[in-house]
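This report refers to the structure that appears directly beneath it.
No value in this document is a laboratory result; all are computed from the given coordinates. All values reported here derive from a predicted model rather than from experimental measurement. A quick note on method: Cβ atoms are made from the backbone with ideal geometry, for glycine too, and the neighbour counts reach across all protein chains shown.
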Amino acid sequence: MKAEKNLQYPVVGSITRRWSPRAFTDKKIPKAEIKSLFEAARWAASARNQQPWLFIWATREQEDIYPQVFDCLNDWNQSWAKTADLLIITFARTLTDDKKHPITSAMYDLGLAMGNMTAQASESGIYLHHCGGIEIAKIKQHFQVPEHYMPVTMIAAGYPGNPESIPADIAQNEYNEQIRNEQDEFVFNGIPVWK
Ligand SMILES: Cc1cc2nc3c(=O)[nH]c(=O)nc-3n(C[C@H](O)[C@H](O)[C@H](O)COP(=O)(O)O)c2cc1C
């Protein structure tokens, strides 16, 4: 469905194939594949191996937990994410185990874990759509989140589906080319051209 990426240099297939769908099929993600997504996150590097991440997940068939997770997406994201089989809320733990010191790298560490998860998904034909459009207050309320856990994103995941299953004004994105800055705008072998 997506146009081929305009690569400047070759990269591995899990990166070439990856994009962020908003329309998903009805196909369920096997439980073993879901566990492998979290296993990939588990093996990410983190500062002092503190692993300051936590995930709450639900699949659409789980009537007890899914509605609460879905409720934590903002309205715009809900309009398309309802077709995704799997939702994951990501959290960064901002304090050390003894709760005495901040983990200043928590967001970086969570990002590495999510990079691992995204690559694992792509390798399995599963697509993740990362969402910052979430309702923090609802997450805190539904899941009794302590102060030292920061809700960061929600992931909508599944297999890419028919764009006609989502609102027409959003569906066009499913066909758009993925655009990126050129490497020489952000990679420097010396003093950068700061913008
Ligand atoms: C941290 C983060 C937050 C995002 N938030 C949203 C969001 O709330 N809603 C949405 O539809 N897409 C969201 N996206 C998806 C981006 O818009 C998308 O990754 C970007 O346009 C590049 O497209 P591609 O992933 O298909 O290459 C988010 C992505 C990231 C990494």
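If you average the C-alpha positions of region 39-71 and of region 90-120 separately, how far apart do those two centres end up, in angstrom?
Region 39-71 and region 90-120 have Cα centres spaced 12 Å from each other.
Using unit Cβ charges (K, R positive; D, E negative) and no other charged atoms, how large, in debye to the nearest 20, is the dipole of region 72-182 about its Cα centre?
Values: 7 positive and 13 negative charges, 94 e Å.
Roughly 460 debye, rounded to the nearest 20.
Give, in nm to one decimal, the length gained when the segment between Q50 and S105 is fully stretched (0.36 nm per residue of separation minus the Cα-Cα distance). Kindly include the intermediate steps, with their values, before the conclusion.
Values: separation 55, 0.36 × 55 = 19.80 nm, distance 0.97 nm.
Computed gain between Q50 and S105 is 18.8 nm.
Using the structure shown, list the pairs from K35/K100; K31/K99; K27/K82; K28/K82; K82/K138; K5/K27 with a Cα-Cα distance above 22 Å, or answer none. Don't skip to the end; give the middle numbers.
Details: K35/K100 32 Å; K31/K99 34 Å; K27/K82 13 Å; K28/K82 13 Å; K82/K138 18 Å; K5/K27 26 Å.
Table pairs above 22 Å Cα-Cα are K35/K100; K31/K99; K5/K27.
Once fully extended, how much extra length lies between T96 and Q62, figured as 0.36 nm per residue of separation less the alpha-carbon to alpha-carbon distance? Walk me through the numbers before you get to the answer.
Numbers: separation 34, 0.36 × 34 = 12.24 nm, distance 3.28 nm.
The T96-Q62 span can extend by a further 9.0 nm.
Please give the length that would be gained between N6 and I191 if that part of the chain were fully extended, namely 0.36 nm times their separation in residues minus their C-alpha to C-alpha distance (nm, one decimal). Present the calculation step by step, with values, prior to reporting the outcome.
Numbers: separation 185, 0.36 × 185 = 66.60 nm, distance 2.67 nm.
Extra length available between N6 and I191 comes to 63.9 nm.
Quick one: if the Förster radius is 25 Å, what FRET efficiency do Q183 and I15 give, using the C-beta to C-beta distance and rounding to 0.05?
Numbers: r = 14 Å, r/R0 = 0.58.
The calculated FRET efficiency here is 0.95.
Can you compute the FRET efficiency between D26 and A171 using 1/(1 + (r/R0)^6), with r the Cβ-Cβ distance and R0 = 25 Å? Round to the nearest 0.05.
Details: r = 17 Å, r/R0 = 0.68.
With a Förster radius of 25 Å, E is 0.90.
Can you show me the helix-derived [θ] at 222 nm for the chain, built from DSSP H runs with n ≥ 4 at -39,500 (n - 2.57) apiece and divided by the number of residues, rounded to the nearest 500.
Details: 7 runs with 59 residues, N = 195.
Counting only the DSSP helices, I get -8500 deg cm²/dmol.
Cut-off under 19 Å on the C-alpha distance; same-chain residues fewer than 8 positions from K195 excluded. Which aspartates and glutamates are left, in chain and number order?
E182, D184, E185
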